[in-house]
Each structure stands twice: as structure tokens, then as C-alpha cells.
Amino acid sequence: MNNINSEVYSDISIIISMMPVEMRKKISNSFINFIENNKSNNYVSNINPKIPIKEQNIRKETKEILGIIYRDYLCTYEERNNLIREEQKEIRQFEEKLRQKYNLDDIFKNKSKKDEKNIQFVNEKRITIIEEKWYKKVWKFLTKLFIK
């Protein structure tokens, strides 16, 4: 177990111990035992019991675990279903953004558009090469040869 997780578990343990008894009873004993077994014994938490949790500066991971505790143990059945639906909606939106961003058809379309732009650019900047007649080339070669 890495230090950050054990520190987060220590914060969660402190917060659970600050909860009223009725709320603590709603949380499963196996979950509390997991938190207690994995918390850091050396970590000094910055959680102040006199200040509400919303006003304290706690880690993102701690907030996430508190959200899971609320969703799974403390809220009502209707609230839980609403939270789960919202989470699923957010996940679908995120996946849709990823699909749009990394859609293979669009990637190849963009590449072909870039290639077309490059071809057009080359066509616009094309250098016209004037071909000399073969007898003029021979004449130049011979004149250079005799001049030396």
C-alpha cells in the first residue's frame, strides 16, 4: 500500500470517527475494518473536527471516498438511484467525447485533408522546368570542351 492511500485512509478514519453514531452504524463493518487496517499510523492529519468538512482543505481522493461512502451507505434509496444515473450519464458523455476525438474515420479524413492541402500548396508553388532540345545540349557540351 503506498503512502498516499494510507494517508487518505487515515483521513477517512478520522472523518468516520467524527460522524454521529447513527451514521456510523449505517456503514458496513467490513468497510470500516478495511479503512482501519490500511490507514497510516504515522500520518498526522490536518482535519479539524471544529470546522465543517466542506470548508476544510482535503485531498481529492478523500472527497471521492467520502462520496462513495455517502452513495453506498448514507443516502436514501431514491438518492442513490439518482446519483448512479447521473454517474452513468457523465460516463456516457465522457466516452462519447473520446469516441469523437479518436474516431478512426475522422482521423483519416483529417489526414487526407492535410494531404490535399499539401498537394495544392505544391501545385501552386510548382517550378516550371524548361526542357532544352538535345542538339542544343550537345552544342553546349562541345563548346565547353573546346573552350577549355
If R0 = 35 Å, then E79 and Q56, at their Cβ-Cβ distance, give a FRET efficiency to the nearest 0.05 of 0.90
Calc'd 3J(HN,Hα), the range 70-77, phi into Karplus 6.51 cos²θ - 1.76 cosθ + 1.60 (θ = phi - 60°), Hz, glycine/Pro = x, comes to 5, 4, 8, 10, 9, 7, 6, 4
Quick calc, L104 & E131: beta-carbon distance into FRET formula, R0 41 Å, rounding 0.05, result 0.40
Given the candidates N5, M18, F34, the one whose Cα lies deepest towards the positive end of the charge dipole of the range 3-77, counting +1 at each Lys or Arg C-beta and -1 at each Asp or Glu C-beta, is M18
Rounded to the nearest whole number, the per residue volume of the convex hull around the C-alpha atoms of the range 52-97 in Å³ is 94
With bins of 10 Å, the percent of all Cα-Cα pairs of the range 1-42 per bin from 0 is 31, 53, 16, 0
Projected convex hull area of the range 3-77, Cα atoms, direction-averaged, in nm², equals 5.1
Too long for a 29 Å Cα-Cα cut-off, among K50/K89; K54/K89; K26/K54; K26/K50, are K50/K89
Between I58 and residues 5 or more places away or on another chain, the pairs with built amide H atoms under 5 Å apart involve none
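Read the figures in this text as sums done on the coordinates, not as results from a lab. These figures come from a predicted structure and were not determined experimentally. FYI the Cβ positions are ideal-geometry reconstructions off the backbone, even for glycines, and counts take in every protein chain you see.
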